[in-house]
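Handing you this structure, nothing more for now.
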Amino acid sequence: MALTLVIISALALGGIDQIIKYFVFENLTRSGAVDVIPYLLSLLYVENRGVAFGMFQNMQWLFAIFTVVIIAGMIFLIIKKYFSGKLFYIGSALIIGGGIGNLIDRVFRGFVIDYLQLSFFPPVCNFADYCVTIGAVLFVISIFISDNKVKQDE
């Protein structure tokens, strides 16, 4: 049951990411930066051919494979019930959903569309990036506060 909810949530998050990126691509590619909240949040179309902060440019297939491995690993952890709890499942859904959103970009576009720029955090990111980041934080917290310990092989 937990796996089903995580997968449905992850697919919804990946879908939301793709819908946002569609509108960003259609509306921001020609208009440049748009201030949403002056001095705090801007929308800016960027084609990121790397990973975080634009590092490791033009290695899309390596990142795509890495993303698939991470998603498979998260699903494995859920199936094997190594961890449980709401934070773990929410974190997993966010990581998988964000991974799916950016994976679709890497495979079908050859780059990831980034568009969110915060004044206090200059790198341009996207919804999927924030899903992965928040999911990773929740995942780590869930592991540290969990009563469940990693199962030992018998």
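The values are calculated or read from the model by the stated rules, or taken from the named source; none is laboratory data. Please read these numbers as outputs of a predicted model, since none were measured by experiment. Every residue, glycine as well, gets a Cβ built from its backbone with ideal geometry; the counts of neighbours run over all protein chains shown.
Answer with yes or no whether Ala93 is in contact (Cβ under 8 Å) with a residue 60 or more places away in the chain and touching a Cys at 6+ places or on another chain (Cβ under 9 Å).
yes
Kindly evaluate Val132 against the criterion of being part of a helix (DSSP H, G or I), at pLDDT 95 or above and loosely packed, with under 12 Cβ neighbours inside 10 Å. Reasoning before the result, please.
On the way: part of a helix (DSSP H, G or I): yes; at pLDDT 95 or above: yes; loosely packed, with under 12 Cβ neighbours inside 10 Å: no.
The answer is no for Val132.
Name the single residue that is nearest to Ser142 (Cα to Cα) among those in segment 79-122 being within 17 Å of the chain's Cα centre (by Cα) and small (Gly, Ala, Ser).
The residue in question is Gly91.
Go through segment 75-125 and report how many residues are surrounded by 14 or more Cβ atoms within 10 Å (Cβ to Cβ) and within 30 Å of Tyr45 (Cα to Cα). First the steps, then the outcome.
Going residue by residue through segment 75-125, those that are surrounded by 14 or more Cβ atoms within 10 Å (Cβ to Cβ) are 75, 77-78, 82-85, 87-106, 109, 111-117, 123-125.
Next cut, within 30 Å of Tyr45 (Cα to Cα) only: 90-106, 109, 111-117, 123-125.
Number satisfying all stated conditions: 28.
Can you confirm whether Asp114 is of a type in the set (D, E, K, R) and outside any helix (DSSP H, G or I)? Full working, then the answer.
Values: of a type in the set (D, E, K, R): yes; outside any helix (DSSP H, G or I): yes.
So Asp114 passes the test.
Just to be sure, is Asp35 in a strand (DSSP E or B), modelled with pLDDT under 90 and either over 17 Å from the mean Cα position of the chain (by Cα) or not small (Gly, Ala, Ser) (or both)? Can you show your working first?
Numbers: in a strand (DSSP E or B): yes; modelled with pLDDT under 90: yes; either over 17 Å from the mean Cα position of the chain (by Cα) or not small (Gly, Ala, Ser) (or both): yes.
For Asp35, the condition - in a strand (DSSP E or B), modelled with pLDDT under 90 and either over 17 Å from the mean Cα position of the chain (by Cα) or not small (Gly, Ala, Ser) (or both) - is met.
May I ask you to list pairs of residues, at least six apart or on different chains, whose Cβ atoms are under 8 Å apart, with the first in segment 75-86 being under 17 Å from Ser9 (Cα atoms) and the second being of a type in the set (Phe, Trp, Tyr)?
That search, which allows pairs on different chains as well, returns Leu77/Phe83; Ile78/Tyr89.
Could you tell me whether any residue of segment 99-110 is touching a Ser or Thr at 6+ places or on another chain (Cβ under 9 Å), among the small types (Gly, Ala, Ser) and modelled with pLDDT under 90?
Here is the first cut: in segment 99-110, the ones touching a Ser or Thr at 6+ places or on another chain (Cβ under 9 Å) are 99-100, 102-103, 106.
Retained after the next criterion (residues that are among the small types (Gly, Ala, Ser)): 99.
Cutting the leftovers down to modelled with pLDDT under 90 gives us none.
No, segment 99-110 contains no residue that is touching a Ser or Thr at 6+ places or on another chain (Cβ under 9 Å), among the small types (Gly, Ala, Ser) and modelled with pLDDT under 90.
Oh, and also: Do we find that Gly91 is within 17 Å of Asn126 (Cβ to Cβ) and in a helix (DSSP H, G or I) in this structure?
no
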